[in-house]
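Participant: Quick one: the structure is below, and I'll ask about it shortly.
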Amino acid sequence: MSSTRTLILGILLDGPLHGYEVRRRLELWGADQWARVAFGSIYHGLSKMADEGLLSRVEEGRGGKTVYEITDEGRAEFTRLLLNHWWEIKPIVDPFQVALTFLDRLSPADLVDAMKGRAVQLRAAIEMMGRAMAAKRAHGAPRHIDETLRLNAAQLEAQLNWIEDALQRVQRGELP
């Protein structure tokens with residue numbers, strides 16, 4: 001929840017919004033992909049942070065739309081969380097590493113097919129990142145949001161470089 005909490009608090013630094021507006025901004029930024037934000041958790045998070053005094057409910061609108069505003073306590077919490085995110089390094093959890101652990105359990109032909117297939121998927125994902133950046137700009141997302149996509153693309157490119165090299169080693173009989 002801390003990533004979602006940080007994002008919600010950071011968005012509300014720009015001014016009061018209701019939950020749908022917070023959700024739309026996170027959708028525009030693609031936060032479901034790079035921050036694993038579950039959009040359904042936004043409304044619960046807003047309510048919980050209001051109960052904790054990090055947000056205040058400034059308007060109860062028709063149709064159940066509550067407008068939230070960040071409090072001074074919320075600003076302090078945002079700064080604390082943001083700095084923690086800059087200084088804390090956590091491992092990237094990727095199920096692909098499980099597959100690597102057992103690459104010796106596949107036949108050479110299946111391994112080569114799987115590696116070639118993954119390379120195709122990686123190239124497509126990298127191309128999609130470029131299109132996503134252009135689309136986000138066209139819809140008014142701040143330029144710095146592109147950096148999350150650039151980081152993701154760099155990680156995908158690193159994996160593509162690794163898989164292309166590993167594929168050659170498999171084909172030469174050096175792996176597994």
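Participant: Take the stretch 164-176 and flag every residue that is surrounded by 13 or more Cβ atoms within 10 Å (Cβ to Cβ) and not in a helix (DSSP H, G or I).
Facilitator: Those that are surrounded by 13 or more Cβ atoms within 10 Å (Cβ to Cβ) and not in a helix (DSSP H, G or I): Leu175, Pro176.
Participant: Follow-up question, since we're still on this one. From the list Asn161, Asn152, exactly one residue is of a type in the set (S, T, N, Q), part of a helix (DSSP H, G or I) and under 20 Å from Thr6 (Cα atoms). Which is it?
Facilitator: Asn152
Participant: Let me ask something additional. Can you find, within the stretch 120-151, the residue that is farthest from the chain's Cα centre (by Cα) among those that are surrounded by fewer than 18 Cβ atoms within 10 Å (Cβ to Cβ) and within 30 Å of Glu174 (Cα to Cα)?
Facilitator: Out of the qualifying residues, it is Val120.
Participant: Considering every residue within the stretch 56-66, establish whether at least one is of a type in the set (A, V, I, L, M, F, W, C) and surrounded by 14 or more Cβ atoms within 10 Å (Cβ to Cβ).
Facilitator: no
Participant: Any idea how many residues of the stretch 9-37 are under 16 Å from Glu147 (Cα atoms) and either among the aliphatic types (A, V, I, L, M) or in contact (Cβ under 8 Å) with a residue 40 or more places away in the chain (or both)?
Facilitator: Going through the stretch 9-37 one residue at a time, the tally reaches 8.
Read the figures in this text as sums done on the coordinates, not as results from a lab. For clarity, every value in this text was computed on a predicted model and none was experimentally measured. Neighbour counts are summed over all protein chains in view; Cβ atoms, including those assigned to glycine, are modelled from backbone coordinates with ideal geometry.
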